[in-house]
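A short worksheet on the structure shown next.
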Amino acid sequence: MTQSSAGTAAPRVAAIVGPYTAGKTSLLETLLFIAGAIPRKGSVAAGNTVGDAAPEARARQMTIEPNIAHCSFLGDPWVFVDCPGSVELAQDALAALMVADIAIVVAEPDPSRAVTLAPLLRFLDAKRIPHVLFINKLDKTSIRMRDLLAALQHVSARPLVLREVPIRDGETITGYVDLVSERAYRYGDNKPSDLVEMPDSVRPRETEARQQMLEAIADFDDALLEQLLEDRVPAPTEIYAQLRKELHEDLIVPVFFGSAERGNGVMRLWKALRHDAPHHAETAKRLGIPSAEGGLCGTVFKTLHQGHTGKLSLTRLWQGELAENGMLGSRRLGGLYRLMGGHVDKMQRAVPGDLAALGRLDELATGQFLTADGHGDPVADWPDLPPPVHALALLPADRKDEVKLTAALAKLCEEDPSLVVDQSSGQLLLRGQGEIHLKLAIDKLQQRFNAAVRTSVPAPAYKETIRHGTHQHARFKRQSGGHGQFADIKVDIAPQPRGQGYLFVNRIVGGAIPKNFIPAVDEGIREALQRGPLGFPVVDIAVTLTDGQFHSVDSSDQAFRTAGGLAMSEGLPKCGPVLLEPIQAVTFTVPNEYTAKVHAIVSSRRGQILGIAAREEWPGWDQIDCYLPEAEMQDLAVELRSATLGVGSFTARFDHLQELSGKLADRVVEDRRRAMAA
């Protein structure tokens with residue numbers, strides 16, 4: 001068996017995932033406490049848990065990035081990755097799942113919120129990641145287990161296989177019966193459960209649930225099915241083996257329950273993980289990682305920038321070994337570390353199965369394989385980055401910090417690839433997955449990278465055009481002590497069809513303007529079109545140079561460039577300028593019970609529904625296509641998630657420009673004039 005740096009079997013990695021408020025960090029704390037890795041349990045409210053050690057996390061009482069914790073349970077080493085539950089931070093959770101041997105999906109005991117698990121469960125099944133379901137907070141609800149399980153089964157493509165049934169005292173769950181061993185246990189708060197006689201009141205439900213469990217796993221094993229048809233009772237060892245096999249193949253989802261805060265049911269979960277979770281070699285095989293004798297291979301699933309260690313590449317090692325001061329090709333490894341919450345400790349050696357932080361491998365990025373020379377090859381099936389749905393415009397608080405801000409943003413986007421810096425509109429925009437996502441990014445800029453910024457709502461990319469044409473004569477003449485400046489041009493200005501852009505046509509004949517001055521006229525016109533009569537860039541316009549005059553001494557490129565600008569500034573106001581607003585093509589994906597709410601959102605934002613269709617391979621989900629003005633897109637993600645329990649999503653792309661008139665257009669133009677005057 002592979003030996004780790006601690007001298008024990010190589011660790012297994014479990015990712016703890018689930019919706020925000022499900023209690024994942026509390027579950028991690030209890031798992032660590034039971035394993036003896038911490039002397040006492042902390043709490044999220046008190047801000048003293050192993051996870052969520054970052055100031056930004058404790059200020060919000062939420063997980064904002066993967067929390068790594070090492071421990072040992074009954075001699076077996078483990079690494080837990082407590083993942084963010086917010087949909088805005090989901091990319092970190094998906095990345096962590098790509099290196100996990102097993103996922104613990106933490107669910108709330110509320111049937112109405114079962115849909116919040118749908119995207120996560122679909123991802124786990126798409127990647128064939130073994131996962132168990134832990135229904136948390138059952139001490140705070142009287143919901144019937146079969147009703148809850150039915151709601152959860154509706155959002156899971158794999159059969160949910162209940163591994164235990166609750167023992168109740170009135171409305172309170174006081175223990176459970178294991179459906180394989182048929183032993184009953186009474187909970188003890190934050191201490192081991194006591195073995196008790198199975199209450200007679202539970203026996204009928206236990207018998208029914210056990211039969212359902214056996215039938216579920218027999219669907220994937222003919223020998224077991226034959227035993228059930230012959231009314232033969234399979235041996236417990238055979239049942240355990242089949243449960244383990246089907247979990248490894250992502251054929252079933254075992255279901256456990258309890259209360260992480262009180263420690264109820266967590267020891268049962270621990271034992272299931274110990275017996276049933278795959279080892280790293282099986283995970284590597286599932287991921288299709290090629291076996292190379294003696295070769296080095298690992299997956300980088302997260303990048304961090306720390307003040308005292310520099311860049312850290314969090315890596316799951318599949319094969320080969322790393323030493324603290326070892327070489328990767330011609331480069332020396334800049335450090336080898338183990339993370340435990342907010343603590344970073346040095347490691348002497350990392351072996352297959354270990355999850356380690358590698359120091360200062362600047363060329364290595366999240367979603368890459370670590371190779372023997374220290375370079376990264378892309379992981380082929382790495383989760384796609386979600387398109388940005390929210391943006392903030394940034395300005396450095398101090399103009400002198402522009403270079404510092406640029407460097408800080410680069411590090412921030414390297415840590416979190418779902419953040420995007422966009423300067424295509426002339427503004428410095430930070431785009432991400434929502435309001436919380438971007439506020440966290442701003443906090444990190446200021447607190448971790450000392451790059452304070454001022455933020456504002458991005459300005460929509462309004463344009464303007466003209467309704468009709470005109471003929472314009474422009475003359476620029478200036479006399480000075482030496483050579484003067486002279487240029488005289490005549491142009492025809494006309495509108496173009498929408499989307500055709502700018503067209504310049506030269507129809508000078510007979511040398512009225514020398515050919516070498518023609519490009520200068522075009523350049524002057526282009527410059528003038530950057531700001532039209534309404535204050536916005538002018539598009540969809542054709543300018544034809546028809547005639548002009550020049551002076552053999554005083555004419556120059558600069559003079560004709562100026563004349564081109566004058567022709568536009570004097571001619572465009574005569575052409576019926578009109579404001580154009582950008583329209584986005586937006587596609588929403590939501591469970592069909594929320595489709596009517598999307599209708600209302602689109603209507604309230606001056607949108608137009610184009611069509612509704614069933615979402616492919618997502619039973620019970622709709623895809624809604626529509627047009628929405630870019631000016632109405634701000635906070636769309638916030639409203640949509642609020643209306644859909646966080647599971648609704650959308651993609652958007654620029655589609656076309658559309659005329660805007662009336663009071664709304666007048667307000668946009670007036671706001672622009674005030675901004676330019678300021």
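In terms of Cα atoms, the Rg and Dmax of segment 28-162 work out to 15.6, 40 Å. Per-residue extension of 0.36 nm, minus the Cα-Cα distance of R531 and D671, leaves a gain of 48.9 nm for this segment.
With R₀ set to 51 Å, the beta-carbon distance separating Q423 from S201 gives a calculated FRET efficiency near 0.15. Taking label points 7 Å from Cα along the Cα-to-Cβ direction, H468 and R399 give a separation of 4.5 nm. Just round it to a whole percent: the fraction of Cα-Cα distances in segment 12-285 exceeding 25 Å. For segment 12-285, the fraction of Cα-Cα distances above 25 Å is 43 percent. Once C-alpha pairs closer than 8 Å and six or more residues apart are averaged by separation and normalised to the residue number of segment 463-575, the relative contact order reads 42 percent. Extension gain for H308 to R60 (0.36 nm times residue separation, less C-alpha to C-alpha distance): 86.8 nm.
For K137, the lysines whose Cα comes closer than 23 Å to its Cα, not counting residues fewer than 8 places off in the same chain, are K24, K41, K191, K271.
In terms of distances greater than 31 angstrom between alpha carbons, the cross-link table entries K127/K404; K302/K439; K127/K411; K490/K663; K515/K574; K127/K311 yield K127/K404; K490/K663. Kirkwood analysis of segment 463-575, using all unique Cα-Cα pairs, places the hydrodynamic radius at 14.0 Å.
Fully extending the segment from K515 to A150, taken as 0.36 nm per residue of separation minus the present Cα-Cα distance, adds 123.5 nm.
Of the GluC sites (Glu not before Pro) found in segment 351-457, the ones in coil according to DSSP and having at most 11 other Cβ atoms within 10 Å of their Cβ are E363. Protection proxy ranking, highest mean first, for peptides 186-199, 156-169, 488-501: 156-169, 488-501, 186-199, where packing is the per-residue count of other beta-carbon atoms within 10 Å, averaged.
The alpha carbon gyration tensor of segment 390-456 gives principal lengths a ≥ b ≥ c with a/c below 1.5, which makes the shape rounded.
Ranked by the mean number of other Cβ atoms within 10 Å of their residues, highest first, the peptides 615-625, 245-255 come out as 245-255, 615-625.
Using the Stokes-Einstein relation with a Kirkwood hydrodynamic radius computed over Cα pairs, the translational diffusion coefficient of segment 580-677 at 37 °C and a viscosity of 0.692 mPa s comes to 227 µm²/s.
Descending by average beta-carbon neighbour count within 10 Å, the peptides 328-339, 109-120 line up as 109-120, 328-339, the highest first.
Readers should treat all values here as calculations from the given coordinates under stated rules, not as data from a laboratory. What you see is a predicted model; the values in this text were computed from it and never measured. Note: ideal-geometry Cβ built from the backbone for every residue, glycine included; neighbour counts use all protein chains shown.
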